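Q: The structure is given below, and queries will be raised subsequently.
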Amino acid sequence: MSSTVWMDVEWEAMTTPVSAKFLAPMGQEGQRLVTRLKAEFERIEALMSSYRNSSEVSILNQTAAQTPVAVSRELIQLLLTANEISRISAGAFDITYASVGRFYDYRKKQAPSEAQIDGALPAIDYRHIRVDPQSRQISYAHEGVYVDLGGIAKGYAVDRAVELLKNAAVQQGIISAGGDTRLLGDKSGSPWMVAIKNPRSVSGNAEDSNVALLPLVDTAISTSGDYERYFVRGDERIHHIIAPETGKPVKGVQSVSVIGPEATMTDGLSTAVFVMGRKKGLAMIEELAGYEAVIIDDQRRMHFSSGLMNPEQ
Ligand code: AMP
Ligand code: MG
């Protein structure tokens, strides 16, 4: 029997902490896999970050309103998935949110003016993104459209990383990028315990940092929270999840976790449910086979989709 060793690494990619823990064959293979995981995150960031001028997404944002742009099969596929999530969430998830969203600067504590929002709002609509899968060309059917994949790209990267491990015959592991996590198999015969963070943790100490631990096996879970990127102005929390209808941060919930088979979908859906709010968001999740959700509302009450409730109740 060949022996195995747990690899356990943390690094930063896509402007977020990434962690990977997996059971690798003894010897050089584990370290080689770590190198490849890091390279895969780097590759996806270089392709999809809207902060990098040379990324395919940036090139789209610079030119696709004037002329169709040919992009990689991979980006076409992710754009189609994003548009599919927009469709099933009735436009709550919309990667063109950034047509207005790009005027928020959370570090500098800056928000766009009402006039700026009004001017840019017509550019928010995922249907402005025209995808031609045959020619692999994208065009924007409106001036001022700006796409940002921040609501789905981390989940996608996590899925790609897990595929990489699977192809190397790894059977147990956990990969997280920010709020997006995917589990490969179990943890030496027990479920992985995945935390749902307390959205208003004050101390950062273990006692109040989590509100729940979920035992999970071979699945993905994504959490969207209003505590990830925000600043406070008066009594308002200006955070990073934007309602496509208004161009403003969404109110009503503090955190949404979605569980399902793949992190690309749970990532997009957790952002979508956050925008839709408790009632509409849970109704959408109930309609989707294989998905569950946990919502913490603005009164700090927790709500669960039916598949997570006690069957006796
Ligand atoms: P997440 O943490 O996955 O919910 O992603 C939040 C990120 O998604 C934000 O930082 C933005 O980059 C992006 N985003 C914000 N609002 C939306 C929206 N309505 N639809 C799609 N992406 C969004
Ligand atoms: Mg998301």
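The values are calculated or read from the model by the stated rules, or taken from the named source; none is laboratory data. As the structure is a computational prediction, the values presented were derived from the model and not from experiment. Quick reminder, even Gly has a Cβ in these numbers, built from the backbone with ideal geometry, and neighbours come from all protein chains shown. Just the protein is used for accessible areas: all its heavy atoms, side chains included, with ligands, DNA and RNA removed. Shrake-Rupley method; radii C 1.70, N 1.55, O 1.52, S 1.80 Å.
Q: Return the carbon/sulfur percentage of the accessible area of the chain, one whole number, probe 1.4 Å, all protein chains in place.
A: Looking at the chain in its full context, I get 49 percent from C and S.
Q: Which of the aspartates and glutamates could be linked to Lys166 by a straight reach, that is with a Cα gap under 20 Å, when you skip same-chain ones fewer than 8 residues away?
A: Result set, ordered by chain and number: Asp8, Glu10, Glu29, Glu40, Glu42, Glu74, Asp180, Asp186, Asp218, Glu262.
Q: Given R₀ = 30 Å, FRET efficiency for Gln62-Ala39 by Cβ-Cβ distance, to 0.05?
A: 0.70
Q: Hey, for a label at Ala141 modelled as a point 7 Å past Cα toward Cβ, could you say which residues of segment 238-269 have their backbone N under 17 Å away?
A: In segment 238-269, the label zone of Ala141 (backbone N under 17 Å from the point 7 Å along Cα→Cβ) covers no residue.
Q: With a cap of 16 neighbouring Cβ atoms within 10 Å, and only residues DSSP puts in a loop, list the trypsin sites (Lys or Arg not before Pro) found in segment 233-313.
A: In loop regions of segment 233-313 (DSSP not H, G, I, E or B), the sparsely surrounded trypsin sites (Lys or Arg not before Pro) are Lys251, Arg300, Arg301.
Q: Also, I was wondering about something else. Please label the shape of segment 175-313 as rounded, prolate or oblate, based on the square roots a ≥ b ≥ c of the eigenvalues of the alpha-carbon gyration tensor (a/c under 1.5 means rounded; beyond that, a/b larger than b/c means prolate, else oblate).
A: Details: a/c = 1.68, a/b = 1.35, b/c = 1.25.
Prolate is the answer for segment 175-313, as a/c is 1.5 or above and a/b outweighs b/c.
Q: Anything in the chain that counts as a DSSP H helix reaching 20 Å or more along its axis (C-alpha) with Kyte-Doolittle mean of at least 0.0? List them, would you?
A: 73-88, 263-287
Q: List the aspartates and glutamates whose alpha-carbon lies under 16 Å from that of Lys109, not counting same-chain residues fewer than 8 positions away?
A: Asp226, Glu228, Asp235, Glu236
Q: Calculate the length of the line joining the C-alpha centroid of segment 170-192 to that of segment 16-43, in whole Å.
A: Using only Cα atoms to place each centre, the spacing works out to 13 Å.
Q: Measuring from label point to label point, each 7 Å out along Cα→Cβ, what is the His303 to Ile88 span in nm?
A: Computed distance between label sites His303 and Ile88 equals 1.9 nm.
Q: How much area per residue is accessible in segment 92-175 when the probe is 1.4 Å and only protein heavy atoms are counted (Å²)?
A: About 46 Å² of surface per residue is accessible.
Q: How much of Lys108 can a 1.4 Å solvent probe reach, expressed as accessible area in Å² and rounded to 10?
A: Result for Lys108: roughly 140 Å² accessible.
Q: Any idea of Glu228's accessible area? Nearest 10 Å², probe 1.4 Å.
A: 80
Q: Rolling a 1.4 Å sphere over the protein heavy atoms, what is the accessible area per residue of segment 240-313, to the nearest Å²?
A: Values: 3510 Å² over 74 residues.
Result: 47 Å² of accessible area for each residue.
Q: For Lys280, list the lysines whose Cα falls under 25 Å from its own Cα; do not include residues on the same chain fewer than 8 positions away.
A: Excluding near neighbours in sequence, the set is Lys154, Lys197, Lys248, Lys251.
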